[in-house]
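Derivation of every value follows stated rules applied to the coordinates shown; laboratory data play no part. As the structure is a computational prediction, the values presented were derived from the model and not from experiment. Neighbour counts are summed over all protein chains in view; Cβ atoms, including those assigned to glycine, are modelled from backbone coordinates with ideal geometry.
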Amino acid sequence: IFPGSVDAAGQRATLGVLGGGQLGRMFVHAAQRLGYFTAVLEPDAQSPAGLVSHHHIQTSYDDPAGLAELAQLCQAITTEFENVPAQTLQTLAQTRPVAPGAAVVGIAQNRIEEKAHFTACADVSGVTCAPYAVIETDAQLQGVQRNRADLLPGILKTARMGYDGKGQVRVKTADELATAWTELGGVACVLEKMLPLTAECSVLVARGWDGQVVSFAPQRNVHVEGILAVTHAYEGNMPSALADRARDAAVAIAQHLNYVGVLCVEFFVVDDGTEHGGLVVNEMAPRPHNSGHYTIDACDASQFDLQVYAMAGLPLPQPRQHSPAIMLNLLGDVWFDASGQLQEPNWRSVLSLPGTHLHLYGKLQARPGRKMGHLTITGPDVASITTVARRAADLLG
Ligand code: ADP
Ligand code: MG
């Protein structure tokens, strides 16, 4: 599907995305820059992506008429929302190329299947996930309480719908585990051993329909209260031996899934007594990822460009990072002063710092914890971007 092309019926080459959040918005921007028309399917009237797309189909993700309209408008379809119903992707795939596909999105939606996949390809990826047990029934809960003391202290995570640390409870004892499972509604969960993390990192991989794979160097991520706060993207952000292993593992995981599109694989670095520490795979996102936003300003092809190239069947460029970068997430908290009053951040001061690139997602209402935008800092070297990032963080409180 070439950008700018028009078919016999006069219809322009159009790419579709399920979901209207900030990831959809940045996807739409990338697609439009290449000359594509875009369509967003999203129930919310004021969504970040819907506001900037040529077409906005305002229906739920499983509305047959909405899906039919999306398929009619678009030559290829992707998703920015990983909890889109699998049936939706299957329905669309009957008439249009859909990347990533229903099967892989289904695996990434469910921690139980996700961990089974990581375990199944551990031989080729060279990494395993944290020790864990599945808890779906009372009998399994009791079994874990009796036999898996090795998993405590641990984190109980719902198998589905968890994000930004939601749907997780930290537990120290077998009794706390039972309480936590009830608290989470007795739904399917995994209990994961709490690991001594020394760092976290993620790798973005893009894979085409023909199996071509390109990837970005691993970025180091700092989370605060389960939400990504800062991404460090530059050479030396982690020992190169670890970075190489993480990159190879992410590529192997994408290949083993026969994945098409952009995949983000998240890793833990754990203190295992070795020089660089051990690498443990945590989870994967079947889409561009918050930790890859720096690629817009610091690389010659962004994660969103690669999503466009991959779904449209264009050759994938191996992205080159031309500048070291630090990304700061801008949560809604930044819009409130110390006394809890709503106050516009001091953009004048922030933007007067060298190498700052502000991205706001067009969300009308700031709420604590809500992702409102991000700030990428680029510069000639790591020392200078580190200084600017500190100043920007101070200004943003
Ligand atoms: P989410 O889907 O919310 O991103 P994660 O499984 O990535 O869920 O957990 C969120 C954060 O919690 C991680 O980035 C990490 O900081 C911490 N965390 C999760 N699992 C573990 C673990 N097994 N040991 C230590 N820290 C963990
Ligand atoms: Mg995570």
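How many percent of all Cα-Cα pairs in region 197-395 sit more than 29 Å apart? When every Cα pair of region 197-395 is considered, 26 percent fall beyond 29 Å.
Positive-end ranking of Val190, Gln75, Gly278 along the dipole of the chain, with charges on Cβ about the Cα centre, is headed by Gln75.
Model label points for Ala174 and His54, set 7 angstrom from Cα along the Cα-to-Cβ axis, are 6.2 nm apart.
Relative contact order of the chain, taken over Cα pairs closer than 8 Å and 6 or more residues apart, is 13 percent.
From the gyration tensor of the Cα coordinates in region 131-193, what semi-axes in whole Å does the equivalent ellipsoid have, largest first, with each one equal to sqrt(5λ)?
One finds semi-axes of 16, 12, 10 Å for region 131-193.
Size of region 14-98: Rg and Dmax of its alpha carbons, in Å, are 11.1, 31. Estimated translational diffusion coefficient (Stokes-Einstein, Kirkwood radius over Cα pairs, 37 °C, 0.692 mPa s) of region 1-159: 183 µm² per second. Among beta bridges from DSSP that stay inside region 1-81, the antiparallel ones total about 10%.
Mean-square fluctuations from a GNM of the chain, with a 10 angstrom spring cutoff on Cα atoms, peak among Gly50, Gly20, Gly277 at Gly277.
Normalised radius of gyration (Cα atoms, divided by 2.2 N^0.38 Å) for region 160-284: 1.20. For the options Met372, Met161, Met26, a Gaussian network treatment of the chain with springs between C-alpha atoms closer than 10 Å singles out Met161 as fluctuating the most. Remark on region 90-144: Rg and Dmax equal 15.3, 47 Å (Cα only). From the square roots a ≥ b ≥ c of the eigenvalues of the alpha-carbon gyration tensor of region 89-239, which class results: rounded (a/c under 1.5), prolate (a/b over b/c), or oblate? Oblate, since a/c reaches 1.5 and b/c is not below a/b.
Stokes-Einstein diffusion for region 199-255 at 37 °C, viscosity 0.692 mPa s, with a Kirkwood radius from C-alpha pairs, works out to 271 µm²/s. Here region 255-345 is treated as an ellipsoid with the same Cα gyration tensor; its semi-axes, largest first and in whole Å, are 29, 23, 14.
Shown for Thr59, Thr91: other C-beta atoms within 10 Å of each C-beta, ranked fewest to most, produce the order Thr59, Thr91.
Lysine pairs in the chain whose alpha-carbon atoms fall under 30 angstrom of each other, counting only those eight or more residues apart or on distinct chains, come to 16. A viscosity of 1.567 mPa s and a temperature of 4 °C, combined with the Kirkwood radius over C-alpha pairs in the Stokes-Einstein formula, give the chain a diffusion coefficient of 59 µm²/s.
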